[in-house]
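Let me begin by presenting the structure, written as structure tokens, before commenting on it.
The values are calculated or read from the model by the stated rules, or taken from the named source; none is laboratory data. On a predicted model such as this, the values are computed, not experimentally measured, just so you know. So basically every Cβ, Gly included, is an ideal-geometry build from the backbone, and we count neighbours across all protein chains shown. Side chains included, ligands, DNA and RNA excluded: accessible areas come from the protein's heavy atoms. Shrake-Rupley method; radii C 1.70, N 1.55, O 1.52, S 1.80 Å.
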Amino acid sequence: MISSAVPQPRPNKALGQHFLEDSWVLTRIVATAGIASQDLVLEIGSGLGALTRRLVTSGARVVAVELDSRLATMLPARLGNPPNLTVIEADARTLDLASLVAPDTTYKVVGNLPYYAANPIIRRFLEASPQPKLMVVTLQEEVARTMAAISGNMGFLSVAVQYYA
């Protein structure tokens, strides 16, 4: 449980942050991703750790990638320093996957992506080697529409999604 004695950090608007707290949505993300104890999960944008807590509780090995140094620093303690959690302060758009995921390793990606970074993050993982087995991310409607665009309205993201996924 997150302590109410510690002040809650405010979202950094410059980073496009909004903290996902809706229990129903969090449950759906974990269920849709089919998280199991043997999984390696890269969580993009761990924020205050609401989704991270659920991932860690599943027993999966979780690597939380957080751009905001204040959130990355405080996350392990907020969650009770679980042994199956590694927090990396990094930008998921330029993340060195080879340092986190060995070749031929199966992993899943989950996250609540900010609007400005969703396109490059999704493309980064679609074009990665190794590619994730599965990606479950929340996006703004505009990004989701771009991903699902049909012929005549397609851009780089929709082409990448259709080609790789």
Check: When you go through (1) touching a strand residue (DSSP E or B) at 6+ places or on another chain (Cβ under 7 Å); (2) touching a residue at least 24 places away in the same chain (Cβ under 8 Å) one by one for residue 76, which number turns out not to apply?
Finding: (2)
Note to self: Considering only residues that are in contact (Cβ under 8 Å) with a residue 12 or more places away in the chain and open to solvent by less than 60 Å² (accessible area, probe 1.4 Å), which ones fall in region 147-163?
What the structure shows: 147, 157, 158, 160, 161
Note to self: Quick check on my filter: what residues within region 127-146 are open to solvent by less than 80 Å² (accessible area, probe 1.4 Å), closer than 23 Å to residue 26 by Cα and assigned to a helix (DSSP H, G or I)?
What the structure shows: 143, 144
Notebook entry, point to check: Can you name every residue in region 93-109 that is of a type outside the set (Val, Ile, Thr) and in contact with an Asp or Glu (Cβ under 9 Å, 6 or more places away or on another chain)?
Noted result: 107, 108
Note to self: So residue 7 passes all but one of these: (1) at pLDDT 60 or above; (2) open to solvent by 20 Å² or more (accessible area, probe 1.4 Å); (3) in a loop (DSSP other than H, G, I, E, B). Which condition number does it fail?
What the structure shows: (1)
